[in-house]
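The values are calculated or read from the model by the stated rules, or taken from the named source; none is laboratory data. Predicted model only: the values in this text are computed from it and were never measured. Accessible surface is based on the protein model in full, side chains and every heavy atom, while ligands, DNA and RNA are left aside. Shrake-Rupley method; radii C 1.70, N 1.55, O 1.52, S 1.80 Å.
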Amino acid sequence: MAIHSILKMGDPRLLRAVRPVTTFDTDVLRQLVVDMYDTMRAAHGAGLAAPQIGVDLQVVVFGSDEPNPRYPDRPLVPATVLINPVITPIGSDEELDWEGCLSVPGLRGRVPRWSRIRYAGFDLQGRPIERTAEGFHARVVQHECDHLAGILYPMRMRDFTQFGFTEVLFPGMVPDQDD
Ligand code: NI
């Protein structure tokens, strides 16, 4: 188990389009995923992408199989390792909601995302994953997969009046809130 430090916005490694995984079910890949989960949980994140710990591979982890007691109303997103993902919007509806990012600490912004998506990719063993998602689940997947293309959420924003420091926007919110 290893908890890695998370790269912050300004680091050019967060702006790269990273390469697909070509060999599955290896010790190196397994260890990467364990480290990403440990790092995500230690930072109270909702998801993490490999470039955030400096690894230039198309690997993201997100979700949890246990509800977060601080956010009992938040829909549960299944704990998922998603490799070489492809996202396809279903319809053209978008929705705006608040996002944060472990690479953009202390800030929140309202980001437009597709309301409904289909996403496909592979698990650690190379077995295909294909799901549809909406709402928060769809948002998390779009946010994490953007990291693989070198896109951070502020680059998706259209209204910077809705961008600011968490402690100012949401006074009283617990400081180690999910990102
Ligand atoms: Ni992020």
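Numbers below:
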quantity: Cα gyration tensor shape for the chain, rounded if a/c is under 1.5, else prolate or oblate; calculated: rounded
quantity: Residue with peak Gaussian network fluctuation, the chain [Cα springs, cutoff 10 Å], from 165, 136, 62; calculated: 165
quantity: Computed [θ] at 222 nm, deg cm²/dmol, the chain (DSSP H ≥ 4; -39,500 (n - 2.57); rounded to nearest 500); calculated: -6000 deg cm²/dmol
quantity: Accessible surface, 1.4 Å probe, highest first, among residues 104, 55; calculated: 55, 104
quantity: For residue 64, residues with placed amide H under 5 Å, excluding near neighbours; calculated: 77, 79
quantity: The range 135-176, accessible area per residue, ligands and nucleic acids excluded (1.4 Å, Å²); calculated: 53
quantity: Ranking by accessible area, most exposed first, for 131, 116 with a 1.4 Å probe; calculated: 116, 131
quantity: Fraction of accessible area attributable to carbon and sulfur, the range 45-179 (%, probe 1.4 Å); calculated: 53
quantity: Helix axis angle, 27-42 relative to the chain longest principal axis, alpha carbon, degrees; calculated: 20
quantity: Shape call, the range 1-63: gyration tensor on alpha carbons, a/c limit 1.5; calculated: oblate
quantity: Centroid-to-centroid separation of the range 17-51 and the range 102-179 [C-alpha atoms, Å]; calculated: 17
quantity: Tilt relative to the chain, helix 135-148 - C-alpha long axis, 0 to 90 degrees, to 10; calculated: 60
